[in-house]
Every structure is written in structure tokens, then in C-alpha cells.
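Take a look at the structure set out below.
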Amino acid sequence: MFFEPAKNDHGMPFNPIKACVVPRPIGWITTMDSDGLVNAAPFSFFNILSYNPPYVIFSSGGHAEDHQDKDTAANARATGEFVYNMATWDQREEMNQSGLIVDRTLDELAETGLETLPSKLVAPPRIKGSPVHLECKVFKIIDLPGDTRLASHSAVIGEVIGAHIVDEAITEDGIFDVASLKPLSRLGYKDYAWTDPSVVFQMEKRTPEDLVGKPSQAAE
Ligand SMILES: Cc1cc2nc3c(=O)[nH]c(=O)nc-3n(C[C@H](O)[C@H](O)[C@H](O)COP(=O)(O)O)c2cc1C
């Protein structure tokens, strides 16, 4: 099948577009407003963009009540800081619950019974129990126009200035065994996945030397 998103002519009961890019990592983002109120929410429009230095991005739509920026994007705009917390199987319920709270005056972490750890280089705290935290400074916010203000997105790019990894996930060989943490990801619709270590596999990187004398492969 083929459809044009602008025409929404897929003929299916639900728009399948989010199921077309999977799995999407979940950026569980903590921010703080100018008065120090902490906010936490999950974003599956999330990814890492580079590594030296590392930049990450999350994209936030409009707030359900007033269609303006959601708290996370508003706080990132106002303060220039956010923290990525890795969402794992163990904290799936809390992560989900933190995404359901829309009241701008509530601290989602307190509401979901989550505890925090102080960050080292930015003001927003880290979520205790999450095994990876990336402390970020906002680099740029790109406003993506939507059909409505609610559908408009603020794509927030942050430079990672501090990275925490739980020691237990670092092997004796010095490898970060991320699959052992069961990181969560989002598929389409209401579907989620976690990374099962038993299905992880390796492939060797091919070098230019591998391709010498193999024109058919070189043309791939
Ligand atoms: C797994 C998951 C992923 C989500 N991803 C996004 C997303 O990428 N962008 C977005 O705008 N909302 C997303 N949401 C919804 C927000 O988390 C939700 O609107 C939340 O209340 C926003 O909180 P805030 O207003 O405190 O920023 C997601 C929710 C869940 C449960």
C-alpha cells in the first residue's frame, strides 16, 4: 500500500505512520521550571544524533489542555537544560504513568512515587533506578509546524555534557552491557518492546580492504 500523509489516505482504522519507524528509544526526560518545580515525561520521538560531542533530540507536541508547549519543552526553552533517563522494563509502569499526568502544577516524579538523584552539571534531577542519565544543555530548538497547534512539535536538541552509567552494567572487559538492562522502546499503536539479550547479535564492520577485488560487493 502507499499513502500520502498529507492526505491521510491510508484507509486503515488508525494512522500507521508511527509503526513505520521502530523501535523508537524512549527518552524519559526530566526538566525543572524557573521556580524549581521538577517535571518528568517520556518521549519516543527521541534519539542520539552524534557522538563527539554527543547531541540528543526529543520532539514534543502541543499540550492537551492549551495546545502550547508541553511542560518538558517549555522548561527546556526557559532554562536551557534537561536530563535523559533511560526507561527500562523495571520502571515501565512509572514511566507510563509519568506520561499521563498533564497538570502543569504537579511534580510527576512525586506523583508516581519516584525518587531523584542530583545531577552534577545541570539543575534538573535524575530519576533514581534508571541506569543511564545524560545531562544536557539545549543547543537548538526547531519548531516543526503541524496541521494544528496541537500537532506542532518542538524538536529540542541538547548537547550531552555529562553521562552516568550504572556500574553493574559495565563488564570486566569494560564493555557497557546495555541489553542486560532491558531498555524499553516504542513500536506502533500501544506496542512496546524491550531489548532481550538473547536476540542481540554482532556483525563485523567491513573495511575498504574487505572490498578489494570484489566489485559486486563494492557496488552494493
Ligand atoms: C512511551 C511514551 C512516549 C511518548 N512520546 C511522546 C513524544 O515523543 N512526544 C510527545 O509530545 N509526547 C509523547 N508522549 C506523551 C507525553 O509523555 C505526555 O504528553 C506527557 O504528559 C507530557 O508531559 P509534560 O507536559 O510534563 O511535558 C509519550 C508518552 C508515552 C507513554
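So which residues in the stretch 76-94 are crowded, with 24+ Cβ neighbours inside 10 Å and either part of a helix (DSSP H, G or I) or among the basic types (K, R) (or both), if there are any at all?
A76 - this is the single residue of the stretch 76-94 that is crowded, with 24+ Cβ neighbours inside 10 Å and either part of a helix (DSSP H, G or I) or among the basic types (K, R) (or both).
Test I127 against the stated conditions and say whether it is within 21 Å of S60 (Cα to Cα), more than 11 Å from the ligand (Cβ to nearest atom) and among the aliphatic types (A, V, I, L, M).
Values: within 21 Å of S60 (Cα to Cα): yes; more than 11 Å from the ligand (Cβ to nearest atom): yes; among the aliphatic types (A, V, I, L, M): yes.
Spelling it out, I127 is indeed within 21 Å of S60 (Cα to Cα), more than 11 Å from the ligand (Cβ to nearest atom) and among the aliphatic types (A, V, I, L, M).
Among the residues of the stretch 67-75, are any part of a helix (DSSP H, G or I), surrounded by 22 or more Cβ atoms within 10 Å (Cβ to Cβ) and within 14 Å of the chain's Cα centre (by Cα)?
There is at least one residue in the stretch 67-75 that is part of a helix (DSSP H, G or I), surrounded by 22 or more Cβ atoms within 10 Å (Cβ to Cβ) and within 14 Å of the chain's Cα centre (by Cα).
List pairs: first residue in the stretch 94-120 and within 19 Å of A74 (Cβ to Cβ), second residue away from the ligand (no atom under 14 Å from the Cβ) and polar (S, T, N, Q) anywhere in the structure, Cβ distance under 8 angstrom, at least six positions apart or on different chains.
Going by the 8 Å Cβ cut-off, the qualifying pairs are L109/T116.
All but one of (1) modelled with pLDDT of 95 or more; (2) open to solvent by 60 Å² or more (accessible area, probe 1.4 Å); (3) hydroxyl-bearing (S, T, Y) hold for S216; state the number of the condition that does not hold.
(1)
Scan the stretch 153-176 residue by residue and report those that are under 19 Å from A123 (Cβ atoms) and more than 16 Å from the ligand (Cβ to nearest atom).
Hits for the stretch 153-176 are E159, V160, I161, G162, A163, H164.
Conditions (1) open to solvent by 20 Å² or more (accessible area, probe 1.4 Å); (2) at pLDDT 95 or above; (3) over 23 Å from I48 (Cβ atoms), marked per residue:
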position	(1), (2), (3)
L117	yes, yes, no
E135	no, yes, no
G146	yes, no, yes
A169	no, yes, no
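The values are calculated or read from the model by the stated rules, or taken from the named source; none is laboratory data. Predicted, not measured: the structure shown is a model, and the values here were computed from it. For neighbour counting, all protein chains shown are included, and Cβ atoms are generated from backbone atoms with ideal geometry for every residue, glycine included. In case anyone asks, the SASA skips ligands and DNA or RNA and just uses the protein heavy atoms, side chains included. Shrake-Rupley method; radii C 1.70, N 1.55, O 1.52, S 1.80 Å.
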